[in-house]
Amino acid sequence: MSNDTQISAKVSSVSKSQGEFVSPNMSIEPVSAKTVNDHLSIGGCDTVELAKTFGTPLWIMDEQTIVQSVLACKAGLSGYPQTQVFYAGKAFLCLAICHLIKNMNVGLDVVSEGELYTAVQADMPAKSILLHGNNKSQEELNKALEIGARIVVDNLAELKLITQIAKTKNTQAKILVRVIPGVTGDTHQHIQTGQEQSKFGIALSSLPAVVSFIEQNRQYIKFLGLHSHIGSQIHKLQPFTQTIEILAKTYASIKDDFGLTLGELNVGGGLGIAYTAKDKPIAIETWSRTLAQTVMSEFNKYNLPLPILLVEPGRALVGTAGVTLYQVGFDKWTSNGTHYVALNGGMADNPRPVTYQALYTACLANRMGAPKGSQPITLVGKYCEQGDIIIKESLIAPEDGDLVAIFDTGAYNASMASNYNRTGRPACVLVADGKAEIIIERETNTDLIDKDKVPKRLLKDSP
Ligand SMILES: Cc1ncc(COP(=O)(O)O)c(C=O)c1O
């Protein structure tokens with residue numbers, strides 16, 4: 001292999017160096033990842049230099065991967081009359097990402113006052129914002145109504161509150177109603193949301209009561225359509241197509257029973273990405289094309305006009321773009337032969353393994369050509385939990401001073417990160433065309449105590 005060979009051949013079964021097009025979510029490494037002079041390079045930036053300049057742990061986001069993922073999603077939808085892509089901001093959100101997606105005409109799905117605030121600060125237009133959540137606060141609803149964003153209603157009590165607020169503001173809330181299709185996605189149970197027992201959304205059997213309520217309050221509620229999101233990191237198409245079949249049938253019932261033709265349909269996100277060579281996700285374009293084709297065929301079946309089709313992927317647009325760089329620290333062997341190698345980060349910057357046993361792939365960013373070890377090692381974090389394990393069995397063979405890169409940390413890492421053990425969250429850089437720009441500053445010790453207050457009586461020299 002030449003120095004400049006794409007590392008795909010190393011860490012994934014599909015080789016980009018042979019000129020095949022690989023959907024970004026099917027590859028373990030970011031689109032722009034290469035090996036240059038034995039170093040991992042992303043976005044034209046040498047990661048060893050990035051570590052020197054910005055420190056570690058470091059979150060790196062590859063702009064090209066995000067752009068190609070969005071374009072792939074849009075390409076799959078291109079045969080459908082009217083569509084709108086929303087990025088699910090919970091996957092990874094900051095002002096720079098808002099601007100990046102806004103510049104590509106992608107909207108934002110927000111789920112909290114903070115995400116909504118971020119969207120507004122990035123001048124995201126109201127027509128491009130969707131507010132989600134199973135327990136939205138009055139402040140969140142107020143704000144969404146004030147700016148005219150669409151609200152995805154989770155339950156009847158919330159709908160009643162929205163109606164009340166809309167009345168006092170003498171406005172009309174634009175809503176979609178989240179329904180539970182009763183479909184179980186092929187994913188970890190903590191991130192399944194389409195099954196009957198889900199905490200999100202309204203059971204189909206309760207929908208007529210909700211629609212009746214809307215009908216009685218039409219002055220204040222503009223009913224745009226239904227929404228469904230069946231979960232995350234889903235690798236099969238069948239749960240998505242089954243959901244659309246159920247939704248189309250539900251649109252037909254709403255038309256029959258209430259004479260209502262709904263203008264929009266939001267089929268959620270949930271597409272998986274490859275974290276290890278064993279993961280075989282669906283290509284982004286295949287996923288979005290299948291959604292579009294299924295909506296067309298199912299709505300035609302019931303002679304329904306095609307609604308505007310909304311999708312809201314998160315992980316599939318940003319997950320593969322992210323790489324976390326760590327410095328190797330101490331190692332040790334246990335009596336039963338486990339070889340632990342500790343990294344200078346862990347569950348505070350990446351809570352996915354401890355939360356749902358997520359798997360990852362690693363490489364040595366400063367010695368890409370290093371031979372694999374003969375025995376697996378366990379890459380652990382530095383936090384005070386035995387469960388703080390980044391990879392249980394990895395064949396990389398780190399030595400003192402090495403830099404470990406963990407792939408696919410672009411989604412649900414920074415956004416789920418904490419300050420556990422009073423550790424500042426890492427910096428995040430966006431890389432493109434050989435340039436690395438900070439998009440989130442590293443938190444300092446000063447940041448950590450910034451909000452602390454000490455009651456005066458606890459100060460020894462207080463009067
Ligand atoms: C309502 C909703 N839409 C979209 C998403 C994005 O999911 P994913 O990142 O798997 O695409 C989520 C994530 O949980 C969600 O709850």
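Here, each number is a calculation from the coordinates, and none is a lab measurement. In this text the structure is predicted, and so the values were computed from the model without any measurement. Note that we place each Cβ from the backbone using ideal geometry, even for glycine, and neighbour counts take in every protein chain shown.
Mind checking the full-extension length gain between Phe330 and His99? Use 0.36 nm per residue of separation minus the Cα-Cα distance, one decimal, nm.
Answer, rounded to one decimal: 79.2 nm.
Which aspartates and glutamates have a Cα less than 19 Å from the Cα of Lys280, not counting those fewer than 8 places away in the same chain?
Those aspartates and glutamates meeting the cut-off are Glu20, Glu29, Asp186, Asp408.
Expressed as a whole number of Å, what is the distance separating the alpha-carbon centroids of the stretch 347-398 and the stretch 282-333?
Between the Cα centres of the stretch 282-333 and the stretch 347-398 lies a distance of 26 Å.
Any idea what Rg and Dmax come out to for the stretch 79-313 if you just take the C-alpha atoms, in Å?
Over the stretch 79-313's Cα set, Rg and Dmax evaluate to 17.0, 55 Å.
Residues in the stretch 79-105 near a label at Lys127, defined as backbone nitrogen under 16 Å from the 7 Å Cα→Cβ point?
82-86, 102-105
Order the peptides 215-222, 374-381, 444-451 from the highest to the lowest mean number of other Cβ atoms within 10 Å of their residues.
Result, highest mean first: 374-381, 215-222, 444-451.
Greater than 29 Å separation of Cα atoms is the criterion. Which listed pairs, Lys102/Lys143; Lys236/Lys332; Lys143/Lys382; Lys382/Lys453; Lys74/Lys372, meet it?
Lys236/Lys332; Lys143/Lys382; Lys74/Lys372
For the chain, what does the helix formula give at 222 nm: sum of -39500 (n - 2.57) over DSSP H segments with n ≥ 4, over the residue count, nearest 500 deg cm²/dmol?
Per the formula, -8500 deg cm²/dmol.
Using alpha-carbon positions, what is the distance between the centroids of the stretch 116-175 and the stretch 259-278, in Å?
A separation of 21 Å, based on Cα centres.
Run the quick spin-label model on Glu441 and Asn134: label points 7 Å from Cα toward the beta carbon, then report their separation in nm to one decimal.
3.6 nm
So how strong a dipole does the chain carry about its Cα centre when Lys and Arg Cβ are +1 and Asp and Glu Cβ are -1, to the nearest 20 debye?
940 debye
Looking only at Cα atoms, what is the convex hull volume of the chain per residue, in Å³?
Spread over its residues, the Cα hull of the chain gives 172 Å³ apiece.
So if we plug the beta-carbon distance of Lys453 and Asn421 into 1/(1 + (r/R0)^6) with R0 = 25 Å, what FRET efficiency do we get, rounded to 0.05?
0.75
So for Val110, Val120, fewest C-beta neighbours within 10 Å to most, what's the order?
Result, fewest neighbours first: Val120, Val110.
Under 13 Å Cα-Cα from Lys249, which aspartates and glutamates qualify once same-chain neighbours fewer than 8 residues away are excluded?
Cα-Cα hits under 13 Å: Asp257, Glu298.
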